[in-house]
Amino acid sequence: MRIPTKVRITSKRSYTVSLVERFSEANTMGLCDPVSRQIILRKNLPPRPMLATFIHELIHAMEFEHGIEISHRAVDQLDSAIEMLLRLNGWLKAGEGIADLLGCD
Ligand SMILES: [Zn+2]
């Protein structure tokens, strides 16, 4: 699945997106660093977990950049709920990545 290398969170703030083989914590799938404005995702996740993880980290980026406070439990619930919404409405077709949805490479 293709993932964009940069995502605009606000009109003034963008986050770079990169992929790593693994994190020091074995079960970490992604992270969002508001200081360096980076989203890092684990490579080779299946499409649904990859998209849900990407959405999860985007929610964190929006929390930071908009000053929204959401419990981590709610972020966990929202990531798969949003992934489901995109998929069930055909906004993310089989074989398409988030980059296609967002209209970027
Ligand atoms: Zn999180």
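Observations
- Residues of the range 1-25 satisfying the condition of being of a type outside the set (S, T, N, Q), assigned to a loop (DSSP other than H, G, I, E, B) and away from the ligand (no atom under 16 Å from the Cβ): 1, 2, 3, 4, 12, 13, 21, 22
- Considering residues of the range 27-54 that are within 15 Å of the ligand (Cβ to nearest atom) and among the small types (Gly, Ala, Ser) only, the residue surrounded by the most Cβ atoms within 10 Å (Cβ to Cβ): 30
- Scanning the range 26-39 for residues being in a loop (DSSP other than H, G, I, E, B) and either touching a helix residue (DSSP H, G or I) at 6+ places or on another chain (Cβ under 6 Å) or closer than 12 Å to residue 54 by Cα (or both) gives a total of 2.
- Pairs, first without any contact (Cβ under 8 Å) to a residue 12 or more places away in the chain in the range 73-93, second in a loop (DSSP other than H, G, I, E, B), C-beta under 8 Å, six or more apart: 85/91
- Qualifying residue in the range 55-64 (condition: in contact with a His (Cβ under 6 Å, 6 or more places away or on another chain) and either of a type in the set (Lys, Arg) or part of a helix (DSSP H, G or I) (or both)): no
- Scan of the range 47-93 for residues that are under 24 Å from residue 22 (Cα atoms) and polar (S, T, N, Q), ordered by number: 53, 77, 80
- Among the conditions (1) of a type in the set (A, V, I, L, M); (2) within 11 Å of the chain's Cα centre (by Cα); (3) surrounded by fewer than 11 Cβ atoms within 10 Å (Cβ to Cβ), the only one that residue 61 does not satisfy is (3).
- Taken over the range 55-92, the residue count meeting the criterion of being more than 11 Å from the ligand (Cβ to nearest atom), touching a Phe, Trp or Tyr at 6+ places or on another chain (Cβ under 9 Å), at pLDDT 95 or above and among the hydrophobic types (A, V, I, L, M, F, W, C) is 0.
The values are calculated or read from the model by the stated rules, or taken from the named source; none is laboratory data. Bear in mind that the values here come from a model prediction, so they are computed numbers and not experimental data. With ideal geometry, Cβ positions are generated from the backbone for all residues, glycine too; neighbour counts draw on all protein chains shown.
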